[in-house]
Each structure stands twice: as structure tokens, then as C-alpha cells.
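This report refers to the structure that appears directly beneath it.
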Amino acid sequence: MENIDVMVLRTLRNWRQAGQRALLATVVRTWGSSPRPIGSIMALCETGAVVGSVSGGCIEDDLIYRFTQAYATGQNTGETSVIPSGAPQRVKYGITADEAHRFGLPCGGTLELLLEFDPDADGLDTLVQSLEQGQLMQRTTALTSGAVSLQTSDTPTELFIDDDK
């Protein structure tokens, strides 16, 4: 059986190699009950295509709506300022009881996502090829710039956030 994370990263790589805009969403923190664990990923293409999961449905629906609307607005008006780009963004879902209910987060749970816009296709290709060969990899994303670095790893490591970088 194929690893879902490798499938998400491969699909994202293919979209980016084809010149399509896309984002990578990663669950970086959870509070209370959360439908998906920290480290869960999904990718969203400007066409509205999605692979992977960060919540089990409701958060994906909101991301699809928000970002495909932004892509469509930019394409129809020629304005590119509404289309996300640049440094990663962190977004929280389920901060209030009303939001938790609206997005279907159980037991008042809250989750925080890291959204990376237009990840580098070459870096994704290196990552996917290494993972397909069974090599563990550590991927580091600078929160201030979006710069990504890759290094091989001998053991799995937990997701770590350094708010100062």
C-alpha cells in the first residue's frame, strides 16, 4: 500500500512541475479533539483539485473555497495581490465554540495549519525521490521566508516549530 504523504507530495510536485499554482497545508498544532494528527498534510491546486486531508472534510472545504476563489478572482480581474504567495501563513480553525461547530471539529477542538504557497518543484522532486527510495527525510521550512531545506535522517522526528525563524 502506498504511503498517503508520499502520494500528496508526488501530486503536489506534478502540479508545480506543470506550472500550476498550489499550496501545501500541514497540521502543526492541535488542542482538544482533532480529527487528524499533527503532521497530516493536504495539497490544493489552483484548479480546485485536492489530495490528502487535514481534518476529514470541513476544513478542506473551507480551504478549497477560499483559495480557488482567490485564484479565480486573480485570473478574472488580472489582479494578483489576492492570490496568496510568499512566506507561509499559519491559520487556526475552531478557536471559538461556534467555529468548532461550523467546521465540524469534535469536542470544541482547535487546529493550526501551516500553509505553504507554490512550493518549489525541484525541492519536492528531491523529497519524493528520496522517500520513494525508502530514505527518511527531514524537511525544514523557514516561517519568515518560506525557504525549505532537506536533509536525510536516520530516525523519524516529530514536527517542531521554532517561532523565531
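Using a probe of 1.4 angstrom, how much of the accessible area of the stretch 13-74 is carbon and sulfur, in percent?
49
Send over a whole-number figure in Å² for the accessible area per residue of the stretch 9-69, probe 1.4 Å. Mind dumping the intermediate values first?
Numbers: 2450 Å² over 61 residues.
It amounts to 40 Å² per residue over the stretch 9-69.
Just add up the charged neighbours of Arg29: K/R +1, D/E -1, any other residue whose Cβ is under 14 Å from the Cβ of Arg29.
-1
Going by the alpha-carbon gyration tensor, a ≥ b ≥ c the square roots of its eigenvalues, is the stretch 113-165 rounded (a/c under 1.5) or, if a/c is not under 1.5, prolate (a/b greater than b/c) versus oblate?
oblate
What part of the accessible area of the stretch 115-165, given as a whole %, is carbon or sulfur when the probe is 1.4 angstrom?
Accessible surface attributable to carbon and sulfur in the stretch 115-165 totals 44 percent.
The values are calculated or read from the model by the stated rules, or taken from the named source; none is laboratory data. A quick note: this is a predicted structure, and the numbers were derived from the prediction, not measured. Here the Cβ is made from the backbone with ideal geometry for all residues, glycine too, and neighbour counts use every protein chain on show. Just so you know, the surface numbers come from the protein's heavy atoms only, side chains and all, with ligands and any DNA or RNA stripped out. Shrake-Rupley method; radii C 1.70, N 1.55, O 1.52, S 1.80 Å.
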